Amino acid sequence: MNPHDATKELATALAEARVVAVLTGAGISAESGVPTFRGPGGLWEGHRGEELATPEAFARDPVLVWRFYDWRRTKLASCEPNAGHRALVAIEKRVPHFTLATQNVDGLHRLAGSENVLELHGNIWRIYCERECHEVIDRRAPLPEPLPPRCPRCHAPLRPGVVWFGEPLPWHLFEQAEAAAQAAQVFLVIGTSGVVEPAASLARVAKHAGAFVAEFNPEETALSRYASALFRGGAGDSLSAVVTALEDM
Ligand code: BJW
Ligand code: ZN
């Protein structure tokens with residue numbers, strides 16, 4: 001199918017849908033200047049993100065892990081939502097039941113104006129006590145030295161409010177995301193390599209429940225085979241074209 005037909009087909013499906021769900025990953029924020037996790041640019045001082053995003057790495061070297069997150073927070077502080085984030089806001093306004101499940105911790109969907117957002121992997125601006133006695137939103141970037149920041153109540157190290165490998169997702173959010181995937185007539189998979197579970201399973205759930213699945217990603221991914229429409233460019237341009245087609249209907 002040529003890109004124009006796919007755009008029209010998806011716009012028609014969106015115009016008719018009562019329930020729409022979306023799964024986003026790092027790729028939707030790439031055009032805002034946020035580095036993705038895997039692939040080119042997915043490195044920080046010779047470390048792979050996956051190596052540092054674990055409770056074991058934090059236990060072993062909390063200063064190293066905090067330097068990684070502080071670097072990302074500092075970079076993020078000057079990033080703004082892009083056309084892809086904004087297109088999802090426009091789609092949410094036109095659909096009766098819209099759910100946006102994101103694996104991103106950057107908070108850019110909410111900043112763009114999306115309302116029903118489920119942050120499955122947490123939020124990088126949230127910080128909580130390792131002993132779980134206290135939680136804060138701290139937007140300072142960089143954080144004042146020395147790292148790691150400490151709990152104002154019990155003095156234990158504070159940790160980033162994100163979900164690391166081997167940790168459970170906030171299950172009440174995941175349950176909502178799964179219910180939305182199950183009920184969706186249209187499911188969009190945007191800017192994710194689709195290799196991290198259980199988030200990736202949402203696309204399979206939607207497909208098996210009969211949704212029209214569309215993928216937005218310049219590369220083929222682990223989830224491409226579930227998609228009936230493939231948009232192989234940057235998410236910003238393709239999603240904007242879909243919104244334009246939707247508004248012209
Ligand atoms: C563009 C673009 C443009 C570029 N436009 N696109 C089943 C099978 C096997 C393993 C498991 C399983 N179930 C669980 C596991 C283990 C594990 C897992 O999935 N491992 C696999 C990697 C093998 N999962 C977990 O551990 C999860 N927890 C769990 O399951 O707990 C169970 C439990 C229950 C009860 C008690 C205890 C435990 C937790 C997963 C947490 C993931 N955390 C991270 C870090 C978050 C914090 C941080 O940001 O630092 O989340 S890892 C990292 O990967 C981050 C991301 O959200 C996540 C996904 O990455 P994403 O978004 O897909 O990014 P990339 O970089 O991979 O892809 C970018 C894409 O964009 C690419 O495709 C590009 O082409 C594209 N792109 N430019 C559109 N302009
Ligand atoms: Zn504490």
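Readers should treat all values here as calculations from the given coordinates under stated rules, not as data from a laboratory. Every value quoted in this text rests on a predicted model; they were computed, and no experiment measured them. Note that we place each Cβ from the backbone using ideal geometry, even for glycine, and neighbour counts take in every protein chain shown.
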Taking region 64-157, the whole-percent share of alpha-carbon pairs separated by over 16 angstrom is 61
Looking at ALA30, LEU143, THR7, which one has the Cα that reaches farthest to the positive end of the dipole of the chain (charges on Cβ: Lys, Arg +1; Asp, Glu -1)?
LEU143
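With only alpha-carbon atoms in the gyration tensor, what are the semi-axes of the equivalent ellipsoid for the chain, in Å, largest first?
Values: eigenvalues 225, 62, 54 Å².
Whole-Å semi-axes of the equivalent ellipsoid: 34, 18, 16.
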Distance between the C-alpha centers of region 166-241 and region 101-161? Whole Å please.
25
Nearest 10 degrees, 0 to 90: what angle lies between the long axis of helix 83-94 and the longest principal axis of the chain (Cα atoms)?
60
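Add -39500 (n - 2.57) for each DSSP H run of 4 or more in the chain, then divide by its residues: what number comes out at 222 nm, to the nearest 500 deg cm²/dmol? List each step's numbers first, then the result.
Working: 10 runs with 94 residues, N = 249.
Mean residue ellipticity, 222 nm, calculated: -11000 deg cm²/dmol.
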Which of the chymotrypsin sites (Phe, Trp or Tyr not before Pro) found in region 163-232 are in a DSSP loop and have at most 13 neighbouring Cβ atoms, other than their own, within 10 Å?
PHE165
In whole Hz, with x marking every Gly and Pro, tabulate ³J(HN,Hα) for region 209-220 from phi via Karplus 6.51 cos²θ - 1.76 cosθ + 1.60, θ = phi - 60°.
7, x, 5, 7, 9, 10, 10, 10, 6, x, 10, 5
Taking region 39-115 on its own, what percent of its Cα-Cα pair distances exceed 17 Å?
58
